[in-house]
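Single-structure report; data block below.
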Amino acid sequence: MESKRYKRVRRAAGIASLLSVAVTVILGLWVTPPDVVQGQLVRLIYVHPPVAWVAYLAYGVTSIASILYLWKRTRNLRWDLLAVSSAEVGVIFTGLTLITGSIWGRPAWGVWWTWDARLTTTALLFVLYLGYLALRRVPADSHQRAVRSAIAGLIAFIDVPIVHQSVVWWRTLHQGATVLNPSLSPKIHGEMATTLLIGFISFTFVYIWMLMQRYQIADLEQRVLDVELEQLIKERRNEPGVGSSQIESTEDVDNADQPSKV
Amino acid sequence: MWRDALLVAGKDLRIELRSRITINQILPFAFIVLIVFAFALDTSPDTLKEVAPGLFWLAVLFSSILGVDRAVAIERNDSAGEGLLVYGVDPGGIFLGKAASVFVQLFLLEIVLILGMVVLYGPKIGGWLLIVLSAVFATLGISAAGVLYSQLASGSKAKQTLLPLLLVPVASPVLLAATKSWQDAFAGTSSLGDPWLRLLIVFAVVYLALGSVFYSSILEG
C-alpha cells in the first residue's frame, strides 16, 4: 500500500505544480512585456525551454535508476519502476518540446520544421525513448525485463551525445542557449528572467508530481500481477494430480515459431 | 574472450556458408532497395549521383537489420544460445564473435553493392582510402549496435517490428557520418583527418565496448 508520507509528498507536489503553473501563466501572459524583436511570440519562452529541461531531467533520472538497478548492490525492482515512470514522463515532455518548438518556429522562422541540429536531435531522442518504452512492453519476467530495459535506457542515454554531435556538424540554425550560454550571463533581464525561472520551477514540480503518480501506478500494476500469479499457482496446486514442481518452469514460448533451418 | 570470439564468428560464418541466407536473400534485397530509390527520386542523373552515398548507406542499414536479426535468431533454435553458455563460452566473446560475423557478411555485401551503385547511379568515385576506412568503421558500428539491440529485443514475439524501431535511431549517426565522409571522398576533399571518420571510429569503439560489457547481463538476465 502507498505509505502516508508518499501520499502527502505527492499531494504537496500536485498543489505546488498547480500554483506555480498558475503563477507562470499570469506572469507570462499578462505581466511581462512583449519582446522588442519577437513581440508576443516571446511568451513561448516561458514554456518551451522549461518543457525541454524536464525532458532531459526525466531521461537523466531514468539513466540513474537504470544504473542503480544494474549495479548488483543496489538492485531493487523499485529502480526499474522509477526508470519506466520517468521515461514515460520524459517522452511526453519531449513530444511537448517538439510541439511547442514547432508552434514557435512557424512564425519565427517561417516553417513548422527545419533540419536544425537541436530539432533533429530532439526528434531522434523522442524515437529512441519510444523504442525503450516499446521494449518494455515485451512480455518477460520482471527481472529479465528490468535488466534489458535498464541496459537499453543506458545505451540510449550514451547515444544522445553522439547523435547530438553528428547532427551539430550536419546543421546548425537554432539560436544559442539563452541562459546557459558559455559566458553564463543570461541574455534576458528583469521580470522576463524571473518568469522564466518560475517557469522552470513550475514544470519541475509538474514533473515530480507526474513521476510520483506514474510510479504509484507502476507499483500497483506490479502488485496486481503478483497477486494474480499467486492466485493462479494456488488454483493449480489445488487441482487433482498436479504437484508443485511442475508449475515452476516458465519456458520461453517464442522458441516455437522460429523456423529451424540450420 | 578473443579465442571464443573467433570460434563463434567461425561457427556463424560456416552456418551462413551452408544456408546462404545473406547471399540469397539479403543481398538481392539490398539491390532492390537501390533500384526502388531510383523510382522515388526519378532518374535524373545528377540527383542520383549526388545522393548516391546516402542511398547506399540506407540500403546497408536496412540490410543490416535483417542480418543482425538472423545472427541472433540462429542461437534460438534448440536453445543453442544456452548451450554456448553451458559450454563456458565467454558472453563477451559471443558478442564479439557475432558482431565479427555480421561485419564480414555486411562488408562483403557492401563490396558487391558498391558495384551496383556505380552502375546504377554513376557517381564519380575517388578517395579510396577514406572510402574503405569509413566503410570498415561504419560497418563495425552497425554490426556491434545491431547485435546488441537484436539480443535485447530477442525472446519477444514483436521482435521483427521492434528491432528497426530500436536500431535505426541509434544507428542514425553512423548513417549520417558514413554518408558525409563518402561525399567528402567523392568530392575529392578527402583527408584521413575527416571529422566524420573520427565519429565513426568513436561510435564503433563505444558500441563494441558496451556490447562486451553488457552482453552477459542480457544473456543471463
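So, of the residues in segment B:185-221 that are buried (at least 17 other Cβ atoms within 10 Å of the Cβ) and small (G, A, S), which turns out to be nearest to B:W128 (Cα to Cα)? Out of the qualifying residues, it is B:A185. Restricted to segment B:1-89, the set of helices (runs of 4 or more DSSP H) holding at least 1 residues that are within 14 Å of chain A (Cβ to nearest Cβ) comprises B:2-19, B:45-73, B:80-86. For segment A:95-121, taking the residues that are farther than 14 Å from A:V167 by Cβ and of a type in the set (S, T, Y), the one that is nearest to the other protein chains (Cβ to nearest Cβ) is identified as A:T97. Within segment A:153-168, which residues are within 9 Å of another protein chain (Cβ to nearest Cβ) and either within 14 Å of the chain's Cα centre (by Cα) or not in a helix (DSSP H, G or I) (or both)? Residues satisfying the conditions are A:L154, A:A156.
Residue by residue through segment A:92-109, note down the ones that are crowded, with 17+ Cβ neighbours inside 10 Å and in contact with a helix residue (DSSP H, G or I) (Cβ under 7 Å, 6 or more places away or on another chain). Across segment A:92-109, the qualifying residues are A:F93, A:T94, A:L96, A:T97, A:L98, A:T100, A:G101, A:W104. Of the residues that make up segment B:99-116, is at least one within 21 Å of the chain's Cα centre (by Cα) and polar (S, T, N, Q)? Scanning segment B:99-116, I find at least one residue that is within 21 Å of the chain's Cα centre (by Cα) and polar (S, T, N, Q), so the answer is yes.
Among the residues of this structure, B:L106 does not count as one that is farther than 26 Å from B:Y215 by Cβ and either touching a residue at least 12 places away in the same chain (Cβ under 8 Å) or not β-branched (V, I, T) (or both). Tallying residues that are touching a residue at least 60 places away in the same chain (Cβ under 8 Å) and closer than 15 Å to B:S191 by Cα within segment B:110-139 yields 7. On the given criteria, is A:I45 assigned to a helix (DSSP H, G or I), in contact (Cβ under 8 Å) with a residue 12 or more places away in the chain and more than 26 Å from A:L133 (Cα to Cα)? Answer is yes for this residue. Candidates in segment A:225-262 are the residues that are loosely packed, with under 10 Cβ neighbours inside 10 Å and at pLDDT 75 or above; of these, the one that is farthest from A:A58 (Cα to Cα) is A:P240. When each of A:L124, A:L128, A:L135 is tested for being over 20 Å from A:V167 (Cβ atoms) and in a helix (DSSP H, G or I), the lone residue that passes is A:L135. Going through (1) crowded, with 19+ Cβ neighbours inside 10 Å; (2) under 26 Å from B:P173 (Cα atoms) one by one, B:P28 falls short only on (1).
The residue of segment A:66-77 that is nearest to the chain's Cα centre (by Cα), among those that are free of Cβ contacts under 8 Å to residues at least 60 places away in the same chain and part of a helix (DSSP H, G or I), is A:L68.
The requirement of being surrounded by fewer than 18 Cβ atoms within 10 Å (Cβ to Cβ) and either under 30 Å from A:I158 (Cβ atoms) or among the hydrophobic types (A, V, I, L, M, F, W, C) (or both) is satisfied by A:W113.
Looking only at residues of segment B:1-20 that are of a type in the set (A, V, I, L, M, F, W, C) and crowded, with 19+ Cβ neighbours inside 10 Å, we find that the one that is nearest to the chain's Cα centre (by Cα) is B:A9.
Scanning segment A:128-143 for residues that are at pLDDT 85 or above, at the interface with chain B (Cβ under 7 Å from one of its Cβ atoms) and either buried (at least 20 other Cβ atoms within 10 Å of the Cβ) or more than 16 Å from the chain's Cα centre (by Cα) (or both) gives A:L128, A:G131, A:L135, A:H143.
For B:I125, the criteria (1) away from chain A (no Cβ under 14 Å); (2) under 20 Å from B:D184 (Cβ atoms); (3) assigned to a helix (DSSP H, G or I) hold in every case but one, which is (3).
Does segment B:149-172 include one or more residues that are of a type in the set (V, I, T), buried (at least 21 other Cβ atoms within 10 Å of the Cβ) and within 11 Å of chain A (Cβ to nearest Cβ)? Checking segment B:149-172: at least one residue is of a type in the set (V, I, T), buried (at least 21 other Cβ atoms within 10 Å of the Cβ) and within 11 Å of chain A (Cβ to nearest Cβ).
The values are calculated or read from the model by the stated rules, or taken from the named source; none is laboratory data. All of these numbers come straight from a predicted model, not from anything done at the bench. Cβ: placed from backbone, ideal geometry, glycine included. Neighbour counts: every protein chain shown.
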